[in-house]
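Down below is the structure, laid out as structure tokens.
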Amino acid sequence: MSETNEMKLEFDSRPCNESFARVSVAAFMTQLNPTLEEVADVKTALSEAVTNAIVHGYENKVQKIYIECRMEDQELLVKVTDYGVGIENVELAMQPLYTTKPDEERSGMGFAFMEAFMDELSVESEPGKGTTVCMRKRIGRFERK
Amino acid sequence: MSETNEMKLEFDSRPCNESFARVSVAAFMTQLNPTLEEVADVKTALSEAVTNAIVHGYENKVQKIYIECRMEDQELLVKVTDYGVGIENVELAMQPLYTTKPDEERSGMGFAFMEAFMDELSVESEPGKGTTVCMRKRIGRFERK
Amino acid sequence: IGEIRRYLRDNNVIRVSRSLRDTAYKVLYTREAYTRKYLKEPTINEIAEEIGIAKEEIVYAMDAIQNPLSLYDPVYS
Ligand SMILES: Nc1ncnc2c1ncn2[C@@H]1O[C@H](COP(=O)(O)OP(=O)(O)O)[C@@H](O)[C@H]1O
Ligand SMILES: Nc1ncnc2c1ncn2[C@@H]1O[C@H](COP(=O)(O)OP(=O)(O)O)[C@@H](O)[C@H]1O
Ligand SMILES: [Mg+2]
Ligand SMILES: [Mg+2]
């Protein structure tokens, strides 16, 4: 498939929807014939982004989370957007171990995981407006092509 | 769960996305704790609706298909919308064995399957505007409640 | 030699489709055992608990075997 293929997903920011979102994205990327490991990587990164939208962006209030996925050749793009509180200092927030909720069981490693498991990570955020996390990963890099 | 939970899905009308759409809806409905058979029923009905949108609604051109799912108590609502050619006579189209593409491998049983595997089916369509298929199914009817 | 090397490499990485099928067969087996024992269909939570896999993953896996003509095929051909 050399054409693009796209999907968008919108769902309530409830923790019970996290698995559903993970499996949807996994099912979408299955078209790229990924390895187990590649799917696990994307699912981990996606989980972190969705959890952030739920607990930080919307502070556990039920609102909408938006996921956008695009495949172009062997590249998968995943965008996760919330219209929540936003991030004051993105650079600082992305530092490993940095967290604004140290009291809960947050590790401050969410962005670090997204960075580690995907090839590219960028974060756009405006305080009071919301946050979009954009991640890219090449799938099937070990195949001759 | 007595609250509602919702999701929306938008994707390209490519046959390769059928499986992804099926898995998304199936994954979403697992929150109602269905049997595998109930999941299979919904997937069959959904496949028919999505195939119709691809081959009839958009006549195999790549445009967007929209799915909306809602759970309320033990009821699942699934809506499939295309902004394609629409249906002239809905009542006639819904007759078992009726098909406008007898030359291809269409059986004319799509709507009959949706009706059989779901509890309720309604179709709204306007020629030149598009079609929305709305299906409902109660999940877990065999459980005491 | 090139053919063999390619064969080895392709089979070294486990494709997700392969693992989905394995899971799906486990699910079917579990359902059958449950139905025999309790004389009723298990719900997805009961299956998920039995084999220790999220219910969403179960339906993802089941789709891989219910859809024989799908994109999963190249791996097996
Ligand atoms: N979607 C978001 N909306 C608002 N703030 C966010 C969002 N995502 C991340 N943050 C901020 O960035 C910090 C670091 O995120 P992360 O690396 O995932 O660690 P953790 O979630 O464990 O705190 C969070 O503590 C929070 O302050
Ligand atoms: N989304 C749609 N857009 C336009 N026409 C449709 C749509 N869905 C169904 N139809 C019409 O209804 C007929 C019956 O549909 P169906 O019962 O699924 O049978 P089949 O798809 O095998 O023709 C189709 O042949 C087509 O003319
Ligand atoms: Mg986090
Ligand atoms: Mg049909």
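The values are calculated or read from the model by the stated rules, or taken from the named source; none is laboratory data. Predicted model, so just to flag it, every value in this text is computed and none were measured. For neighbour counting, all protein chains shown are included, and Cβ atoms are generated from backbone atoms with ideal geometry for every residue, glycine included. What goes into the accessible areas is simple: the full protein's heavy atoms, side chains included, and nothing from ligands, DNA or RNA. Shrake-Rupley method; radii C 1.70, N 1.55, O 1.52, S 1.80 Å.
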Compute the label-point distances linking B:K64 to its equivalents in the other copies; points lie 7 Å from Cα along Cα→Cβ; give nm, one decimal, shortest first.
1.1
Under the Karplus curve 6.51 cos²θ - 1.76 cosθ + 1.60, θ = phi - 60°, whole-Hz ³J(HN,Hα) for region B:122-130, x wherever Gly or Pro sits:
9, 10, 10, 8, 9, x, x, 9, x
Sort out the exposed loop GluC sites (Glu not before Pro) in chain B (DSSP loop, at most 16 other Cβ within 10 Å) and tell me the longest stretch that has none.
B:4-58
Would you be so kind as to list the residues of region A:1-31 that have their accessible area lowered by at least 40 Å² in the full protein complex compared with their chain by itself (1.4 Å probe)?
A:N5, A:E6, A:K8, A:E10, A:R14, A:C16, A:F20, A:V23, A:A27, A:T30, A:Q31
Can you give the accessible area of A:D119 in Å² (nearest 10), computed on protein heavy atoms with a 1.4 Å probe?
80 Å²
Interface size between chain B and chain C, please: total buried accessible area, 1.4 Å probe, rounded to the nearest 100 Å².
1400 Å²
When the protein assembly as shown is reduced to its Cα atoms, the Kirkwood hydrodynamic radius in Å
21.8 Å
Leaving out ligands, DNA and RNA but keeping every protein chain, what accessible area does A:L97 have, in Å² rounded to the nearest 10, with a 1.4 Å probe?
120 Å²
Simple Cβ-charge dipole of the protein assembly as shown, Lys/Arg +1 and Asp/Glu -1, about Cα centre, in debye nearest 20:
820 debye
Inter-copy distances for A:A116, nm, shortest first, label points 7 Å along Cα→Cβ, are 5.1
Over 29 Å between alpha carbons, listed pairs A:K79/B:K43; A:K43/B:K8; A:K43/A:K101; B:K61/C:K26; A:K64/C:K55:
B:K61/C:K26
Nearest-ten-degree value, helix B:18-29 long axis tilted from longest Cα axis of chain B:
30 degrees
So how far, in whole Å, is the C-alpha centre of region B:7-37 from the one of region B:77-145?
17 Å
Counting only protein heavy atoms and using a 1.4 Å probe, what share of the accessible area of chain A belongs to carbon plus sulfur, as a whole percent?
47 percent
Name the nearest-to-axis residue of chain A, judged by Cβ distance to the rotation axis taking chain A onto chain B, and quote that distance in whole Å.
A:S24, 2
If each of C:A33 and A:K8 carries a label point 7 Å out from its Cα toward its Cβ, how far apart are those two points in nm?
4.5 nm
Position A:K101, label points 7 Å along Cα→Cβ, spacing to each other copy in nm (shortest first, one decimal):
4.7
Across all directions of projection, what mean area in square nanometres is found for the Cα convex hull of region A:5-138?
7.4 nm²
Label points 7 Å out from Cα along the Cβ direction at B:K64 and A:M109: separation in nm?
3.8 nm
Under 12 Å from a point 7 Å along the Cα-to-Cβ line of A:R136: which residues of region A:74-106 have their amide N that close?
A:74-78
Please state the charge dipole magnitude for chain A, taken about the Cα centre, from unit charges on C-beta atoms (+1 on K and R, -1 on D and E), reported in debye and rounded to the nearest 20.
260 debye
